[in-house]
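Each remark here refers to the structure printed beneath this line.
Just so you know, all these numbers are worked out from the coordinates, no wet-lab data involved. From a predicted model like this one, the values you see are computed outputs, not experimental measurements. Don't worry about glycine lacking a Cβ; one is built from the backbone with ideal geometry, like all the others, and counts go over all protein chains shown.
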Amino acid sequence: MTSNIVSVDALYRDLYPAAGTRIKQWVVEMQREFAWERETCPRVDVPVHNDNCGGECRNVGTTQWMNLDQDSCHG
């Protein structure tokens, strides 16, 4: 089994490269996938409720389906 252990510092350097530094292919693909999700993900109406911390959930109202699992609130 292959394991890729990467430091947080190296991860952030890949995600936010300095000017003039080439963007790695996995970052390009990840950005493309996130853009596709934002454009195509269906929206659902979420009633007012509390998240797992007891505060009002930020996903109240019309939100994208992919955001429902954030905050462990599950709409």
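Observations
- For the chain, radius of gyration divided by Kirkwood radius, i.e. Rg to Rh on alpha-carbons: 1.12
- Taking the average, over residues, of other Cβ atoms within 10 Å as the packing measure, peptides 55-62, 14-21, 44-51 rank 55-62, 44-51, 14-21 from highest down.
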